[in-house]
């Protein structure tokens, strides 16, 4: 279920991604979920953004105990 994040003055797309735990590598997904705010580079305060659910990816090539998945 998507969450809502309310911006603070000075937030940017990548900082919102970082603050909400979806990482900067998924900033494009955050932007796609909020097309009405795409014109913002730096946000004003009190913009409500939808934070999409991002499935966790396990790094390939690591043993199961380092991937965080049960064996």
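No value in this document is a laboratory result; all are computed from the given coordinates. From a predicted model like this one, the values you see are computed outputs, not experimental measurements. Cβ placement follows ideal geometry from the backbone for every residue including glycine, while neighbour counts extend to all protein chains displayed.
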Qualifying positions in the stretch 34-57 - touching a residue at least 12 places away in the same chain (Cβ under 8 Å), outside any loop (DSSP other than H, G, I, E, B) and loosely packed, with under 15 Cβ neighbours inside 10 Å: 42, 48, 50
Members of the stretch 1-22 that are surrounded by 12 or more Cβ atoms within 10 Å (Cβ to Cβ) and in a loop (DSSP other than H, G, I, E, B): 7, 8, 11, 22
